[in-house]
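The values are calculated or read from the model by the stated rules, or taken from the named source; none is laboratory data. Please read all numbers here as calculations on a predicted model, not as lab measurements. Here the Cβ positions follow ideal geometry from the backbone for every residue, glycine too, while neighbour counts run over all protein chains shown. Accessible surface is based on the protein model in full, side chains and every heavy atom, while ligands, DNA and RNA are left aside. Shrake-Rupley method; radii C 1.70, N 1.55, O 1.52, S 1.80 Å.
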Amino acid sequence: MFRKNNLSSKNNASKTPSMRRLSLAACTGLLALLLSGCGRSDDTVQRYAWPLATASPEDTVTQIFSEKFAEEVSSLSDGRMKIQVYANGSLGGDRDLLETCSDGDIPFIVQNTAPQVSFMNDLAVFDLPCAFDSLDDCREKIDDPAFWQLISDVYTDGGYHLLGMADQGFRVMSTNKNVSDFSDFKGQKIRTMENSYHLAFWKTLGANPTPMSFSEVYIGLQQHTIDAQENPYEVIVSNRLYEQQDYVVETNHLPHLISLIVNDEFFQNLSKEDQAIMTQAAKTVTAYAREQSDARIADRIATIEASGTKIVTLSDETRDAMRDAAASVYVSIESSINQDIYDAYMSK
């Protein structure tokens, strides 16, 4: 059950988990006290202040998704339910947030699915490379009732409840070495996340994938210790990575999915009315976040092109070659996840 805990918005990276939880409890108590004195004086009206945490910067679709959800929940509940958004890792990194959400200390989190694979193995289905040719196809698959139910069950088994899933578009490659055909991937030293399937994919292309802390990527590109990196357009622009790169190659190898999840025990303890409010709010803001993502991708591309960095669109032949080369990654993922989930994701 959710324990009313919270944290200040200051960076707590240097604190131990226990110290962060003490801060969380103190801050939530203060918020509850403040909210109890706001608005109507009717003592039968309960007002909530629940934390929603992300590890992403504020100028991202993740933040838009989070803030809009908080606004929608407040609106649909006539101000009775309040959610406070904490961004930029102020309550912890991705792993910290998953653990504290599972424990019930932070009820809501919004984050990319990639770091969740170590907690819920079946989510590796989203690491299948080059599975979709368009975002519309990907979104249609996510929204398919049968697939949604399968993925929702994965989160439930993990102790979470999946409310919504938006995205920041596809992940793309930025590099100082142009890619005009499949052979141009060979030997490129590219920074990736520490995800075994991501590493395996780039190796199948002939590249030299190198896990690296994201905080070191800009300097790594600047000092040429790496040639390239891969991220959605949103991240490439917000962190000005394009300044150190000559090309952005639209590999579109993975969708950068953003999940809105809540501690399952907390959610189940809500009234049916409040559960319906949460569900409706998530549905509304998922559509909104996707619209914002599309608009921001176009804006980010314009920013990159204005800097002189070139956008490279791959040919269908190169895309097919990438998908064929990644066959071993498909075999690896299929053998490690629920077959029904794999089949549902890959069905056309």
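For this structure, a couple of remarks:
- For the range 257-277, a residue qualifies if it is touching a residue at least 24 places away in the same chain (Cβ under 8 Å), open to solvent by 20 Å² or more (accessible area, probe 1.4 Å) and either part of a strand (DSSP E or B) or polar (S, T, N, Q) (or both), and the qualifying residues are Gln268, Asn269.
- Number of positions in the range 107-158 that are among the aliphatic types (A, V, I, L, M) and over 21 Å from Lys283 (Cα atoms): 7
- Of all residues in the range 238-253, those being touching a Cys at 6+ places or on another chain (Cβ under 8 Å) and open to solvent by 10 Å² or more (accessible area, probe 1.4 Å) number 1.
- Every condition in (1) open to solvent by 10 Å² or more (accessible area, probe 1.4 Å); (2) modelled with pLDDT of 95 or more; (3) hydroxyl-bearing (Ser, Thr, Tyr) holds for Ser180 except the one numbered (2).
- Val85 being modelled with pLDDT of 95 or more, open to solvent by 10 Å² or more (accessible area, probe 1.4 Å) and part of a strand (DSSP E or B): yes
- Subset tally (residues that are of a type in the set (Gly, Ala, Ser) and part of a helix (DSSP H, G or I)) for the range 109-129: 2
- Meets criteria (at pLDDT below 95 and either open to solvent by less than 60 Å² (accessible area, probe 1.4 Å) or of a type in the set (S, T, N, Q) (or both)) for Ala55: yes
- From the options Glu71, Glu99, residue that is out of contact with any Cys (no Cβ under 9 Å at 6 or more places or on another chain), within 26 Å of Asn195 (Cβ to Cβ), acidic (Asp, Glu) and open to solvent by 10 Å² or more (accessible area, probe 1.4 Å): Glu99
- 1 or more residues open to solvent by 50 Å² or more (accessible area, probe 1.4 Å) and in contact with a Ser or Thr (Cβ under 7 Å, 6 or more places away or on another chain): qualifying helices (runs of 4 or more DSSP H) within the range 306-346: 327-336
So that you can scan it fast, the table gives a plain yes or no per residue for (1) within 30 Å of Phe266 (Cα to Cα); (2) open to solvent by less than 10 Å² (accessible area, probe 1.4 Å):
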| position | (1), (2) |
| --- | --- |
| Ala146 | yes, no |
| Gly164 | yes, yes |
| Phe170 | no, no |
| Asn208 | no, no |
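- Unique match (being closer than 23 Å to Val217 by Cβ and in contact (Cβ under 8 Å) with a residue 40 or more places away in the chain) among Phe170, Phe132, Phe108: Phe170
- Here Ser196 fulfils each of the conditions (1) buried (at least 22 other Cβ atoms within 10 Å of the Cβ); (2) modelled with pLDDT under 95 apart from (1).
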